[in-house]
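What follows is a single structure, written as structure tokens, with notes after it.
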Amino acid sequence: MKLAAASVLVTACIASPAKPGAMCEQTSDCASGEVCQEGVCWGDPPAGSFAATLGPPSNRGDLVGSEIAQLAIPQDGWLGAISLAQPVQLSGRVEAYCSPTASPCDTSSLGATITITRESEFAGGPGFSTVIASADGVARSTNSFSAAVPVTGENDPPFVVTVVPDGRDPAPPSTGVSPATLAPPMRTTIAAMADVSTTFVLGGADSTTIDGTVSDGLHPLPKYRIAALGQWDPTTPLAEVSTVVYTTDGTYHLALASGVTGPFTIVAAPDDPTVVAPTLFLDDVAPGTTQATLTQPTNLGEQLVVTIPITGTASNGAVAPVVGATVTVTGEYQPEFGAARARLTVQATTDDTGNALLTLLGGSALRGLYRVSVVPPAGSNLGVLYDQPLVLDVDATSTDTVPAVRLASRIALSGTITDTAGNPLGNVSITARPSRRFLWSLDSAAQQFLAEIPAATTVTPDSGAFVVWVDPYFAQVWGHYDLAFEPSTDSNAPDWLQPDIEIPRVQNQVVDQLDPIAIPDAAYVHGELTDPAGNPVANGELRIFQPITDLSLCSQVPDSPPNCPIPAQLVAHGASDDLGIVRLSLPKN
């Protein structure tokens, strides 16, 4: 058994099932292999391999989450006593490196966010993850942080600890000094066979530094926030891996974290929200670089207030303004090799007349490069608009109103949800989300945009009928969607996922009528959550997962992530009662 976080982030929340009504009086009333207890037919679990995570209640600091890499579910559905683990403490201080020659030397602690993770023992599992804070300004001999973590077993990998100093806001603090300006982040590994006390020292005598300026080519540019992006390892996304500088004179001095893989990107963004100016990116900065200049492009021009009307076809067939849509305009200047690129991004929400007002820069550097994206309000039958050219009036100097942007209609995924006997199920919550096949068929920017679109949801009436509106395609890629079904807590039906529904490749189709979807019967299982001494634990959590063994999708899509992790499917979730008993329902095969 390997330990996991008490709080687990999953792709969908599965509610703790209520105990079903009287299903039986004796075992003979149940199906073969099931056992009648509490008026419930327990057992007859689905076939397959399962794993689980345990989470303690928030008021039990003496317990920590755990993982069960292989969960055996007996035929009678009784899981037995399942023990949560006792933690060890990882505590200590976060300090900035201070040179022995420095005088005076501030030895008080730094405020920081500390993230502690460990890989899961089962494929696609959530593993262990916790985030704690280091207090700022704590004198030496006193801890600035403490975290309860699982014991590191003989065959367990170490914890990965990432320490990021506080104060990385877009603007400098109004008072005091930001810890992020004093020391870079760090990442390290640590094992915890017993309680561990340590001091994380950020930066060092051997820290790589980069000096430079931000200018318009003639004059230094003050009031910019500057930091470097990099990767802790080739499989992790870009993150800030340096100190932060809020320059007042256009110069900067960055200290980089140790152990970061290059190359780096230096980013300089205006730190005054009232200033309309592009963010500058200097890409492919090689490790060992000590000097780097970021130059703003010429001919940015003056401010240009642009009105963008957003319209769409209403349910009555009339073209009408769209209220509450999020409109994003981005202009990106790509210079010759070696210079900084410039990106201006402005966002607004359409008003009661369907208009979005955005302040852009009207000079020739960006004027012909603007592109617009639109996300309609949640639940709309109108589709998104992604990364389309925004054509401005060549004669406009201070204001401009562009032609109305017309949002296309989404497609309605329509169907009926039933039980295995064909009876319609009412009060079922349904959520449609882009499937991994859909996401991983897009480049990284499109993936991020698509993932941020509010999910389509609905609740079925007594007839079991449902309609959810989704985008039929996105960035020239036809859609696939997962439909998650969550019956009400008074239902005997389990939660169910209908994966990877393919949208028909038919232009302008407005409805995709699905065949009736039957939720499988439930297999009821139960067990007892205890502490290491065998005492029952109330309000603990048990989550049961089914690891995904078919990894063929990874070779079928063009943009799967490194190592192509496919999360295990969460199939059941329950909370223990006052006696420590946890009851769950799994979908039968």
Please give the net charge around GLU332, taking every other residue with its beta carbon less than 13 angstrom from that of GLU332, where Lys and Arg add +1 and Asp and Glu add -1.
+2
Using θ = phi - 60° and the Karplus form 6.51 cos²θ - 1.76 cosθ + 1.60, what ³J(HN,Hα) does each residue of the stretch 374-387 get, whole Hz, x for Gly and Pro?
9, 10, x, x, 4, x, 6, 8, 9, x, 7, 10, 10, 6
In order through the stretch 519-529: 3J(HN,Hα) via Karplus (6.51 cos²θ - 1.76 cosθ + 1.60), integer Hz, x for Gly, Pro
6, x, 5, 8, 9, 8, 10, 8, x, 10, 8
For the stretch 212-226, Karplus couplings with θ = phi - 60° (6.51, -1.76, 1.60), whole Hz, Gly/Pro x
x, 9, 10, 8, 9, x, 10, 10, x, 10, x, 6, 10, 9, 10
Kindly report the accessible area of the stretch 32-84 per residue (heavy atoms of protein chains, probe 1.4 Å, no ligands, DNA or RNA), in Å².
39 Å²
Can you send over the solvent-accessible area of TYR246, 1.4 Å probe, protein chains only, in Å² to the nearest 10?
40 Å²
Ordering of 565-574, 530-539 by packing [mean C-beta count within 10 Å, highest first]:
565-574, 530-539
At R0 = 25 Å, FRET efficiency that the Cβ-Cβ distance of VAL323 and VAL511 yields, to 0.05:
0.50
Highest mean first, what order results for 507-518, 299-310, 116-127 on Cβ atoms within 10 Å?
116-127, 299-310, 507-518
What percent do you get for the relative contact order of the chain when only Cα pairs under 8 Å and 6+ apart count?
14 percent
Provide Rg and Dmax in Å for the stretch 228-321, with only Cα atoms included in the calculation.
20.1, 63
Would you give the gap between the C-alpha center of the stretch 157-194 and the C-alpha center of the stretch 541-570, rounded to a whole Å?
31 Å
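Keeping the other protein chains in place, figure out the carbon and sulfur percent of the accessible area of the stretch 214-352, with a 1.4 Å probe.
On the way: 3490 of 6490 Å².
Within the stretch 214-352, the accessible surface is 54 percent carbon and sulfur.
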Per residue convex hull volume, Cα only, the stretch 520-577, in Å³ is 141 Å³
I need to check one value: relative contact order of the stretch 93-171, counting alpha carbon pairs closer than 8 Å and at least 6 residues apart, in percent.
34 percent
Looking at the chain, what % of the alpha carbon pairs are farther apart than 34 Å?
55 percent
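Assuming a viscosity of 0.890 mPa s and a temperature of 25 °C, what translational diffusion coefficient in µm² per second does Stokes-Einstein assign to the stretch 447-502, Rh being the Kirkwood radius over Cα pairs?
On the way: Rh = 13.3 Å.
After rounding, the answer is 185 µm²/s.
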Return one whole number: the accessible area per residue of the stretch 421-477 in Å², for a 1.4 Å probe.
48 Å²
Spelling it out for SER83: with amide H atoms placed in the peptide plane at 1.01 Å from N, the residues 5 or more places away or on another chain with amide H under 5 Å from its amide H are THR530
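The values are calculated or read from the model by the stated rules, or taken from the named source; none is laboratory data. Source: prediction; values computed, not measured. Methodologically, a virtual Cβ is constructed for each residue, glycine included, from the backbone with ideal geometry; neighbour enumeration extends over all protein chains shown. Note: areas computed on protein heavy atoms with side chains; ligands, DNA, RNA excluded. Shrake-Rupley method; radii C 1.70, N 1.55, O 1.52, S 1.80 Å.
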